[in-house]
Structure formats: structure tokens, C-alpha cells
Amino acid sequence: MSEQTLTQSATYERLCQVIPGGVNSPVRAFKGLDHPPMVAHQGIKDCVIDVEGNKFVDYCCSWGALVHGHAHPKILEAAKKRMELGTTFGITSEIEGELAQVIVDSVPSLDQIRFVSSGTEATMSAARLARGYTGKEIIVKFAGNYHGHADFFLVQAGSGVTTMSSSSSAGIPEAMVQHMACLPYNDTAAALRFLQDPAHRDNIAAVILEPIAANMGVVPASHSFLEMLREETAKMGAVLIFDEVISGFRVGREGAQGYYGIESDMTCFGKIVGGGFPAAAFGGKRAIMEYLAPQGPVYQAGTLSGNPVAMAAGLQSLALLSQEGVYEELERKTNIITEPVKDFLLDNNSNACIQQVGSLFTLFFGKKAVNNFDDAKALDLTTFAEFFRFMYQNGIYVSPSQHEAWFISTVHEEEHLEKTRDLILEFLKKSM
Ligand SMILES: Cc1ncc(COP(=O)(O)O)c(C=O)c1O
């Protein structure tokens with residue numbers, strides 16, 4: 001083992017002494033990849049540099065938060081300037097209204113939003129508010145969609161789609177998930193059966209989903225599936241919640257709802273809206289949002305919610321995204337990688353595919369299409385692990401799981417994208 005490798009592994013060992021698994025979020029441990037985790041030291045534009053000084057082109061970009069790459073000078077400047085005025089007040093401040101206004105103006109379904117510090121808080125609070133607003137109990141979610149780690153969201157599908165779900169993590173009493181239902185994604189007939197079942201139809205508070213699922217790899221919902229959910233929830237008086245923590249401001253200014261032309265009643269945001277700082281939000285129609293404390297009876301709060309430094313970074317991040325042609329340019333850059341790879345896979349009738357929406361995509365091994373969680377569970381993880389190691393050895397960092405997305409930023413350099421494309425093709429040629 002080289003001295004360099006020891007440096008990285010020694011650092012990780014130290015981390016493991018004081019932090020469970022050496023990480024503060026499990027996927028960072030590179031489990032199942034037969035590869036030691038990266039210990040990051042610095043980010044510069046589209047690259048991340050580890051503690052040994054090795055440089056990687058970064059396609060994880062802090063799980064999509066860094067749509068303008070690492071340490072963007074304008075975002076740094078905005079955050080520093082704001083920091084000099086104080087880093088937190090615990091008192092409402094003007095800048096919170098500025099970012100709220102930009103988000104509300106961008107997404108037509110929103111009248112109001114409230115800021116929190118993580119996507120987990122956003123979805124958890126949205127679900128509570130939907131229950132408080134409707135006075136109903138059941139939340140419907142879909143298998144393979146991730147909505148953060150609040151107890152009641154950690155559920156798996158029951159034995160049949162008409163049964164309730166059970167918890168998918170230790171430490172969660174069944175009582176916490178007894179009003180959750182987990183249905184198959186993109187299965188219109190199954191969802192319709194559940195939603196129309198008189199046994200619980202009148203007790204459904206909300207249906208929540210990622211309209212473009214990105215936590216089993218990128219799996220867009222079909223238009224007809226979303227349309228049906230929109231119609232049924234409206235009919236039954238349930239709240240339709242789009243979890244746009246990933247897709248919000250990623251696939252366009254209006255997020256997935258703009259992409260599909262279907263509006264939700266409530267929307268959750270995270271990642272991009274904080275410009276690389278911890279900020280997230282949930283919002284929706286005024287009639288629903290007014291149920292929140294202090295106006296309404298649904299309690300929700302946070303010491304660092306609407307943190308002014310995060311607001312400044314978020315404002316700058318969204319300002320950069322408002323420039324003419326920015327989403328077209330993000331997609332053009334992404335296509336430098338994805339189009340030749342898609343062509344190769346088709347020409348060779350390979351058992352792999354790319355699923356993409358704009359600058360968000362996943363290269364799947366072991367399936368020609370992935371439409372739901374059952375497909376995602378059948379993917380070829382061994383080939384993905386080989387692919388991950390091959391790319392890593394060649395200076396490319398892709399999200400360390402087959403069930404995650406690649407994120408292209410506005411600062412990814414063409415030369416890096418071309419190198420990445422060539423490496424993917426090299427890997428596919430020798431392994432497919
Ligand atoms: C769609 C979605 N919702 C919610 C969350 C939870 O966000 P956070 O990790 O900020 O708590 C994530 C995290 O990746 C996510 O992808």
C-alpha cells in the first residue's frame with residue numbers, strides 16, 4: 001500500500017473512531033463498491049479533491065445541490081457579504097422574503113413557502129401540514145421514492161397494494177407507519193385501485209411523490225400516472241405533494257411541474273435553493289399554508305430556518321439560473337456524455353440504458369428500462385461497482401451507488417465531459 005493510500009485510510013480510520021461508519025450520511029461509506037470511501041478536502045469548479053490531493057471530476061456535486069459547481073465565486077461573495085452582517089438572528093429578516101419571492105414567482109403553483117434546513121424537514125413538515133389541513137391520516141407514497149428520513153417515511157410496501165406498509169428501519173414502532181401506504185411507482189392501475197378503495201378513500205390526507213424519481217436512479221413518472229394522481233387527489237380532497245428536492249430548479253425554473261405541465265398542491269425544495277448551504281423549503285396554496293403556526297394550528301419551527309447566509313447563497317444560485325439559455329446549456333453539456341453512450345447501448349443491444357431529464361441522468365446496468373422499484377432492485381450492482389472503480393481510478397467521481405443520479409453543473413468543462421464520455425465508452429466496450 002502506498003504512503004498516499006495510508007494517508008487517506010488513516011484519515012478515514014480516525015473518522016471511524018468518532019463518527020459511526022466514519023460518515024454523517026450512510027451512502028458516503030461506499031458500501032457494496034469494494035472501494036474505500038473518499039475523504040474530501042476541497043472543491044474547485046467541477047472537481048473535488050481528496051485529502052491526498054487527488055483530483056476527480058465530480059458528477060455527484062453534493063447530491064445535486066451544487067448546480068454551479070464548487071466554490072462558485074459569485075455564491076461565495078454573496079455568502080461572505082451576508083455573513084459580515086451576522087450569521088443567524090433567530091428573528092425574521094428581509095432576505096428570507098427575497099428568496100421566498102423568487103421561488104414563489106418561479107413556480108406557479110406556489111402562493112407561500114416556509115424555509116427549513118433540510119429536505120427531510122421539508123417533506124416531514126409538508127406531510128404534517130397536509131394532515132392538519134385535511135383532518136385525515138393516511139399518507140400515500142411510492143416505492144423507491146425517498147423523502148428523507150422522518151420515521152413515517154421509512155416504510156416499505158406491504159404484501160399487497162391494498163394493505164398498509166411496514167417500517168424499513170430499526171427503531172421505528174409500527175404505530176409510526178400505520179397510516180402510511182407504499183404503492184408501486186408508475187403503476188396507474190394499482191394506485192387507482194388504492195385511491196378509490198372505500199375502505200380508506202375518505203381518510204387519505206396526501207399523496208407524495210418525486211415526479212421525477214431520482215433515488216432509485218433517474219426514473220421519470222409517466223405523464224398519465226401524474227395526471228391520474230392529480231385528478232384523483234383533487235376529487236377526494238387529498239393534498240398532492242411533489243417532492244422536488246432534487247428536480248426543483250434542476251430540470252427547469254418551474255421544476256418537474258413545469259416539465260410535465262401538472263401543478264401540485266404543495267411542493268418541497270432542497271439542495272439547489274440553498275446554493276450549497278443547508279436550506280430547504282416547503283410551500284403551496286395559501287389556503288393550506290395558512291394552517292401553519294403562528295397563523296394556524298399545525299406546529300412547525302426551526303432555530304436556523306431561513307438562515308440569512310444560506311438565503312444569500314440560494315438567491316445567488318437562483319439568479320445565476322435565471323440567465324437566458326442556462327437550462328438549454330446544462331442539457332447540451334449533459335448530452336456530450338449521454339447521447340454517444342445512448343447510441344452505443346442501442347447499437348449494441350446492450351443490457352443497460354441511460355434515463356435522463358435535462359442535466360439529471362443515470363446510467364443503469366442490467367436493464368434496458370427502469371420504470372419502478374422492482375426494476376431498480378433487479379439492476380446489475382456488480383457491474384456498477386466495477387464501473388465505479390474504473391471511473392474512480394481514472395479521476396472521475398460518480399455518485400457512489402447504482403440507485404443515484406449524475407448531476408451536471410453549469411461549470412462542467414467540455415474537456416472533462418468528453419474525457420468522461422470516452423471512459424464510459426471504453427468501459428462499455430470491454431464489459432458489454
Ligand atoms: C427527493 C428527496 N427528498 C428529500 C430528501 C431529503 O433531503 P435531505 O437529505 O436534505 O434531508 C432527499 C435527499 O436526497 C431527496 O432526494
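The values are calculated or read from the model by the stated rules, or taken from the named source; none is laboratory data. Owing to the predicted nature of the structure, the values given are computational and were not obtained by experimental measurement. Every residue, glycine among them, receives a Cβ derived from its backbone with ideal geometry; neighbour counts consider all protein chains shown. Heads up: the accessible areas ignore ligands, DNA and RNA and are worked out on the full protein's heavy atoms, side chains in. Shrake-Rupley method; radii C 1.70, N 1.55, O 1.52, S 1.80 Å.
Of the numbered conditions (1) out of contact with any helix residue (DSSP H, G or I) (no Cβ under 7 Å at 6 or more places or on another chain); (2) not in a strand (DSSP E or B), Leu192 satisfies every one except a single condition; which is it?
Answer for Leu192: the failing condition is (1).
Yes or no, residue by residue, for (1) assigned to a loop (DSSP other than H, G, I, E, B); (2) under 18 Å from the mean Cα position of the chain (by Cα); (3) more than 16 Å from the ligand (Cβ to nearest atom):
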| position | (1), (2), (3) |
| --- | --- |
| Lys74 | no, no, yes |
| Ala78 | no, no, yes |
| Arg82 | no, no, yes |
| Thr123 | no, yes, no |
| Gly132 | no, no, yes |
| Lys136 | yes, no, yes |
| Gly148 | yes, yes, no |
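Given the criteria more than 22 Å from the chain's Cα centre (by Cα) and in the same structural domain as Glu415 (by TED's automatic domain parsing), does Asp58 qualify? Please lay out each step first, then the result.
Details: more than 22 Å from the chain's Cα centre (by Cα): no; in the same structural domain as Glu415 (by TED's automatic domain parsing): yes.
No: the conditions fail for Asp58.
Show the residue pairs meeting these rules: Cβ distance below 9 Å; 6+ apart or different chains; first residue within region 19-35 and closer than 14 Å to Gln402 by Cα and open to solvent by 100 Å² or more (accessible area, probe 1.4 Å); second residue small (Gly, Ala, Ser) and part of a loop (DSSP other than H, G, I, E, B).
Matching pairs, first to second residue: Lys31/Ser401.
Give me the residue from region 150-173 that is more than 22 Å from Leu195 (Cα to Cα) and at pLDDT 85 or above and, out of that set, farthest from the ligand (Cβ to nearest atom).
Taking region 150-173 first, the residues more than 22 Å from Leu195 (Cα to Cα) are 150-151, 168-173.
From the residues that got through so far, the ones that are at pLDDT 85 or above too are 150-151, 169-173.
Values: Ala150: 9, Asp151: 14, Ser169: 14, Ala170: 19, Gly171: 17, Ile172: 17, Pro173: 22 Å.
Within region 150-173, the match that is farthest from the ligand (Cβ to nearest atom) is Pro173.
With the requirement that a residue be closer than 17 Å to Phe364 by Cβ and either of a type in the set (S, T, N, Q) or open to solvent by less than 10 Å² (accessible area, probe 1.4 Å) (or both), what does region 211-220 give you?
Across region 211-220, the qualifying residues are Ile212, Ala213, Ala214, Asn215, Met216, Gly217, Val218, Val219.
Listed residues Lys55, Lys74, Lys45, Lys80; which is farther than 27 Å from Gln300 by Cα, modelled with pLDDT of 95 or more and in contact with a Gly (Cβ under 6 Å, 6 or more places away or on another chain)? Lay out the reasoning, then the answer.
On the way: Lys55 fails: in contact with a Gly (Cβ under 6 Å, 6 or more places away or on another chain); Lys74 fails: in contact with a Gly (Cβ under 6 Å, 6 or more places away or on another chain); Lys80 fails: in contact with a Gly (Cβ under 6 Å, 6 or more places away or on another chain).
Selected residue: Lys45, the only one of Lys55, Lys74, Lys45, Lys80 that is farther than 27 Å from Gln300 by Cα, modelled with pLDDT of 95 or more and in contact with a Gly (Cβ under 6 Å, 6 or more places away or on another chain).
Of all residues in region 52-85 being touching a Lys or Arg at 6+ places or on another chain (Cβ under 6 Å) and on the phi > 0 side of the Ramachandran plot, which is surrounded by the most Cβ atoms within 10 Å (Cβ to Cβ)?
Across region 52-85, the extreme among qualifying residues is Gly64.
Return a yes/no flag: does region 87-96 have any residue that is more than 25 Å from Ser62 (Cβ to Cβ), in contact (Cβ under 8 Å) with a residue 60 or more places away in the chain, open to solvent by 60 Å² or more (accessible area, probe 1.4 Å) and of a type in the set (Ser, Thr, Tyr).
yes
Select from region 109-121 the residues that are crowded, with 20+ Cβ neighbours inside 10 Å and part of a strand (DSSP E or B) and write down the one among them that is nearest to the ligand (Cβ to nearest atom).
Step one: filter region 109-121 for residues crowded, with 20+ Cβ neighbours inside 10 Å, giving 109-110, 113-117, 119, 121.
Those left that are additionally part of a strand (DSSP E or B): 113-116.
Details: Ile113: 15, Arg114: 15, Phe115: 13, Val116: 9 Å.
Among those that are crowded, with 20+ Cβ neighbours inside 10 Å and part of a strand (DSSP E or B), it is Val116.
When the residues of region 1-42 are filtered to those that are basic (Lys, Arg) and under 24 Å from the mean Cα position of the chain (by Cα), which remaining residue is modelled with the lowest pLDDT?
Lys31
Any chance region 186-209 includes a residue that's within 16 Å of the ligand (Cβ to nearest atom), within 29 Å of Ala313 (Cβ to Cβ) and either buried (at least 23 other Cβ atoms within 10 Å of the Cβ) or free of Cβ contacts under 8 Å to residues at least 24 places away in the same chain (or both)?
yes
For region 296-348, which residues satisfy the criterion of being open to solvent by 10 Å² or more (accessible area, probe 1.4 Å), in a helix (DSSP H, G or I), over 30 Å from Met432 (Cα atoms) and of a type outside the set (A, V, I, L, M)?
Once the filter is applied, which keeps residues that are open to solvent by 10 Å² or more (accessible area, probe 1.4 Å), in a helix (DSSP H, G or I), over 30 Å from Met432 (Cα atoms) and of a type outside the set (A, V, I, L, M), region 296-348 yields Gln316, Tyr327, Glu328, Glu329.
Considering only residues that are closer than 13 Å to Asn335 by Cβ and acidic (Asp, Glu), which ones fall in region 404-424? Show your work before the answer.
Keep residues of region 404-424 that are closer than 13 Å to Asn335 by Cβ, which gives 406, 408, 412, 414, 417-418, 420-421.
Answer for region 404-424, where residues must be closer than 13 Å to Asn335 by Cβ and acidic (Asp, Glu): Glu414, Glu418.
Note down all Cβ pairs under 8 Å where the first residue falls in region 357-384 and is closer than 17 Å to Tyr146 by Cα and in a loop (DSSP other than H, G, I, E, B), the second is of a type in the set (Phe, Trp, Tyr) and open to solvent by less than 60 Å² (accessible area, probe 1.4 Å), and they're at least six residues apart or on different chains.
Hits for this filter: Val370/Phe364; Asn371/Tyr185; Asn372/Tyr185.
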